[in-house]
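Structure first, commentary second.
The values are calculated or read from the model by the stated rules, or taken from the named source; none is laboratory data. Values in this document were obtained by computation on a predicted structure and should not be read as measured data. Using ideal geometry, Cβ is built from the backbone for each residue, glycine included, and neighbour counts are taken over all protein chains shown. We work out accessible area using only protein heavy atoms, side chains counted, and drop any ligands, DNA or RNA first. Shrake-Rupley method; radii C 1.70, N 1.55, O 1.52, S 1.80 Å.
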Protein chains: 2
Amino acid sequence: MDEFITMDHGSGGVKTSELIDELLRPAFSNPALDALGDGALLCVPEGGRLAFSTDSFVVQPLFFPGGDIGKLAVCGTVNDLAMCGAQPLWLSLSAILEEGLPMDTLRRVVDSIAAAAKDAGVQIVTGDTKVVERGHGDGIYLNTSGVGVVRCPGLTPDAIRAGDQVLVTGPVGDHGAAVMLARSELGVEADFVSDCMPLHRLARAAWEAGGVRCLRDATRGGVATTLNEFTEGRSFGIQLKESRIPVRPQVRAVCDLLGLDPLYCANEGRMLAVVAPEQAQAVLSALRGTSGGEGAALIGEVTERFPGRVTLENAYGANRILSKLTGAQLPRIC
Amino acid sequence: MDEFITMDHGSGGVKTSELIDELLRPAFSNPALDALGDGALLCVPEGGRLAFSTDSFVVQPLFFPGGDIGKLAVCGTVNDLAMCGAQPLWLSLSAILEEGLPMDTLRRVVDSIAAAAKDAGVQIVTGDTKVVERGHGDGIYLNTSGVGVVRCPGLTPDAIRAGDQVLVTGPVGDHGAAVMLARSELGVEADFVSDCMPLHRLARAAWEAGGVRCLRDATRGGVATTLNEFTEGRSFGIQLKESRIPVRPQVRAVCDLLGLDPLYCANEGRMLAVVAPEQAQAVLSALRGTSGGEGAALIGEVTERFPGRVTLENAYGANRILSKLTGAQLPRIC
């Protein structure tokens with residue numbers, strides 16, 4: 001194979017076929033993909049409801065501590081499906097490559113995608129590759145879209161009631177802080193990595209424990225912005241206890257250094273769950289007993305005070321409002 | 001709304017919400033999208049097989065005679081689903097916007113997507129928006145993925161037999177020639193436009209007429225490359241008659257001027273159908289009686305001569321081999 005991506009690889013002709021046959025198809029091989037039609041044919045195990053989600057990924061740098069754009073692209077869409085109460089089954093993969101990209105870089109990303117898909121129990125069943133001229137991209141942009149079968153219907157912010165408990169599956173801010181540190185020119189090496197991971201096991205553990213009203217992964221905009229999406233325009237608020245929100249001391253230190261707030265940092269493997277009060281402890285135990293959820297914590301509750309707002313109570317009992325992220329605190333984070 | 005796209009619009013915070021609430025949601029509104037979860041929930045009308053397809057779009061210029069990147073993004077994925085024998089139902093839409101993009105440009109593209117989706121009978125049910133810094137994109141890159149319900153199973157090159165007839169639904173090369181002319185600095189104005197259109201009606205007309213072995217839209221690489229995908233590694237070849245392949249004289253003239261071959265030019269609204277001999281006339285009539293298929297023609301047949309090859313017979317009875325496109329004759333065409 002060529003050493004670098006050229007415009008020819010996007011032509012739809014011989015070089016495109018070479019890229020597919022020598023790199024992409026071997027990495028992702030499965031019957032639906034191998035048929036190589038204009039799309040994939042999927043057999044839905046039973047009738048019923050499907051979940052469908054899409055995400056594009058423009059993260060810089062392409063490789064960061066704890067992950068890379070490929071792993072991120074798989075986890076991002078797998079997680080969106082899991083948050084809908086679905087078992088993720090099939091992904092599409094589309095790449096916009098920049099002319100001059102080293103083939104080795106692409107190969108590393110492709111291998112990472114294959115490994116992440118295996119871990120998440122999904123198949124890459126259809127794909128597309130485009131090439132843009134040097135200076136019109138940034139190495140690799142990816143899109144994944146995904147289809148899953150709904151196992152736990154009815155997860156929606158509309159189901160949330162006053163008294164419900166708010167849980168998070170682990171320390172917050174790791175992904176955002178790791179990527180921003182990797183991008184900074186401080187020369188500081190982190191002793192923590194991105195939280196990038198598939199959340200399908202944790203989502204299933206939560207809904208099997210029962211009482212789950214709503215799930216959401218706290219990606220762009222972080223925990224603060226995601227929780228605001230629950231409360232916005234609604235008759236309830238969410239009150240968080242600052243002391244209960246797990247943040248690694250190293251992440252807090254890096255955030256201080258970079259002028260970031262961990263509550264607004266993107267996470268790529270942290271789930272927020274709103275759960276009925278009587279089942280909150282059971283869900284917490286289920287999460288802690290599932291790989292990746294060992295650090296789960298109960299961080300707040302739904303309240304009729306401050307309707308429409310997310311508030312943070314500090315150690316002295318004072319409340320401040322956590323509004324949605326304004327401005328672009330963390331560009332190109334996912 | 002702001003006059004230009006800024007990095008803030010990709011932050012996942014307030015500005016992202018504004019873009020969604022003021023531009024995207026009103027344009028595409030439907031119950032699945034309006035729920036605004038991490039993904040869309042779809043009710044599959046009945047059990048059975050689904051088709052799933054994805055495509056990214058990087059065409060330059062964003063607006064060209066007969067279409068734009070938005071219409072193209074809808075038609076591209078709708079057509080891929082239709083070629084699988086499916087009725088297209090749901091699309092995802094993901095945009096990578098370049099900082100500084102005029103909001104008016106985005107609005108025009110969004111309106112075009114909405115109109116094309118309506119024409120194609122599909123709903124935009126889920127989406128994503130990312131923003132990259134100036135100089136790392138090219139205005140707008142789009143990805144659409146689509147899900148449809150299979151109505152005509154078993155369409156595959158494996159079903160093709162010697163003696164089958166090859167049909168095309170209209171003149172070839174219009175899209176490629178129109179875009180390349182729009183991009184050239186010749187100052188020539190075309191008196192033809194891109195063929196960009198949804199093919200779901202023509203696909204259905206073909207499979208309802210019966211005898212269809214395989215359908216494919218002749219996009220990147222054109223008619224010649226697409227037909228090679230049918231014959232490659234198989235025990236049959238395809239013989240085309242040059243005199244029967246419809247090419248507009250104006251398209252031929254522009255291709256001559258630009259050094260292109262209409263048979264290798266991308267089409268975005270032309271379908272190739274391989275049909276059993278006894279039903280070929282019925283399919284031809286059905287296509288001609290369907291909007292967008294008035295110019296359908298029978299252009300060749302499947303033969304045991306030249307297995308694995310596509311050959312073109314000229315007016316004097318001489319044959320030449322049409323191989324797959326090599327090199328990037330037409331970069332950034334879709």
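Heavy-atom accessible area per residue, region A:215-298, 1.4 Å probe: how many Å²? Mind showing how you got there, number by number?
Working: 3000 Å² over 84 residues.
Computed with neighbouring chains in place, this is 36 Å² per residue.
Just to be sure I understand: if you take the accessible area of chain B alone plus chain A alone and subtract the pair, with a 1.4 Å probe, what total do you get in Å², rounded to 100? The partial results should precede the final answer.
Details: alone 14600 and 14540 Å², together 23600 Å².
For chain B against chain A, roughly 5500 Å² becomes buried.
Where both residues lie in chain A, what percent of DSSP beta bridges are antiparallel, nearest 5?
Working: 42 of 55 bridges.
Expressed as a percentage, antiparallel bridges in chain A total about 75.
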- Per-residue accessible area for A:M83 at 1.4 Å probe radius, Å² rounded to 10? 10
- For region A:4-22, residues shielded by at least 10 square angstrom of accessible area compared with the chain on its own, probe 1.4 Å: A:M7, A:D8, A:G10, A:S11, A:G12, A:G13, A:V14, A:S17
- Just which residues of region B:76-119 lose 20 Å² or more accessible area with every protein chain there, against their chain alone, with the probe set to 1.4 Å? B:D80, B:C84, B:S92, B:S94, B:I96
- Item | Beta bridge orientation in the protein assembly as shown: antiparallel %, DSSP, nearest 5 | 80
- Taking the chain alone as reference and the full protein assembly as comparison, with a 1.4 Å probe on protein heavy atoms only, the residues of region A:30-64 that lose at least 40 Å² of accessible area are A:D38, A:L41, A:L42, A:V44, A:R49, A:L50, A:F52, A:T54, A:S56, A:V58
- Peptide ranges B:25-37, A:307-319 listed from the most packed, as the mean C-beta count within 10 angstrom indicates: B:25-37, A:307-319
- Query: Which distance in nm do the two modelled labels at B:S235 and A:A115 give, with both placed 7 Å along the Cα-to-Cβ direction?
  - Reply: 4.4
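Which percent of the accessible area of region B:157-321 is formed by carbon and sulfur heavy atoms (probe 1.4 angstrom)? List each step's numbers first, then the result.
Numbers: 2970 of 6550 Å².
Answer for region B:157-321: carbon and sulfur cover 45 percent of the accessible area.
Can you name the helices of chain A, as whole DSSP H runs, whose Cα span along the helix axis is 20 Å or more and whose Kyte-Doolittle mean is not below -0.5?
Values: long enough: A:69-83 (21 Å, 1.07); A:103-120 (25 Å, 0.15).
Counting only whole DSSP H runs, the qualifying helices are A:69-83, A:103-120.
With an 8 Å cut-off on Cα pairs and a minimum separation of 6 or more residues, tell me the relative contact order of chain B in percent.
Values: 772 pairs, mean separation 74.3, N = 334.
Relative CO of chain B lands at 22 percent.
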- Task: Please give the FRET efficiency for A:T326 paired with A:R107, using the beta carbon to beta carbon distance and R0 = 35 Å, rounded to the nearest 0.05.
- Result: 0.30
- Query: Other chains' Cβ within 10 Å of A:123-132 residues: what's the mean?
  - Reply: 5
- Message: Going 7 Å from Cα along the Cα-Cβ axis for the label, what nanometre distances separate A:G187 from the same residue across the other copies?
- Response: 5.7
- Report, to the nearest whole %, how much of the accessible area of region A:7-150 belongs to carbon and sulfur atoms, 1.4 Å probe, protein only. 51
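For region A:7-150, what is the accessible area per residue in Å² when the probe is 1.4 Å?
Heavy-atom SASA per residue in region A:7-150 reads 29 Å².
Sort B:186-196, A:119-129 by packing, meaning the average of other beta carbons within 10 Å per residue, with the highest value first. Don't jump to the answer; show the numbers that get you there.
Values: B:186-196: 16.6, A:119-129: 22.3.
Top of the packing list down: A:119-129, B:186-196.
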- Note on the structure: at A:E232 the sorted inter-copy label distances (label 7 Å from Cα on Cβ side), in nanometres, are 4.5
- Net charge dipole size for region A:157-321 [Lys, Arg +1 and Asp, Glu -1 on Cβ; Debye, nearest 20]: 280
- Would you mind listing the distances between the A:P277 label point and the same position in each other copy? Use 7 Å along Cα-to-C-beta, nm, one decimal, shortest first. 8.0
- Query: Under a straight-distance cross-link criterion of Cα-Cα below 30 Å, which lysines are reachable from B:K118, leaving out those fewer than 8 residues away in the same chain?
  - Reply: A:K130, B:K15, B:K71, B:K130
